[in-house]
Amino acid sequence: MEGISDIRIVSIDEKRPPRIGKEPYIDLYFRLTHKAPADWCQDFTDLQSKATYPSKINIDECLYIETWVRRPEEIIGHVQSLKEAVAQCNARYIERIEARQRDRDNSNDKLTTEEGPQGQLNRIIAGLDFSE
């Protein structure tokens, strides 16, 4: 199963290879290992919005990084910075998931310490064992 920590850049989009044209820039489209969650894509786009060469990910697709450079020799450095941004987004996403889980666990702990009939019910439910 593919997870968040597996997301990385794996190739150029074969359907949109880089081309030298009349424009003073080169469009680049990089493919990710697999489709990322929409909020991960939004975080990536927000993180990259102020970069020298801004990059974005279409929220509907969540599979390709769209970016550009001015000269071919800038591509290698730009890919390296994109790899770092992807790793940073992975770490931030995992941290958010862990924080939500901690918050949920804390809420559940509070439920088991309630008094009275509701507290008793909460403790019984929290102690149920659903293993085989």
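Things worth noting here:
- Any hit, the range 54-74, residues being without any contact (Cβ under 8 Å) to a residue 12 or more places away in the chain and among the hydroxyl-bearing types (S, T, Y): no
- Each residue in the range 1-17 was checked for being in contact with a helix residue (DSSP H, G or I) (Cβ under 7 Å, 6 or more places away or on another chain) and at pLDDT 95 or above, and 3 pass.
- Residue count for the range 45-63, restricted to those that are basic (K, R) and more than 19 Å from R8 (Cβ to Cβ): 1.
- Meeting the requirement of 3 or more residues that are exposed (fewer than 12 other Cβ atoms within 10 Å of the Cβ) and modelled with pLDDT under 90, the helices (runs of 4 or more DSSP H) wholly within the range 18-132 are 75-112, 116-126.
The values are calculated or read from the model by the stated rules, or taken from the named source; none is laboratory data. Note that the coordinates shown come from a computational prediction; the quantities given were computed from them, not determined experimentally. Cβ: placed from backbone, ideal geometry, glycine included. Neighbour counts: every protein chain shown.
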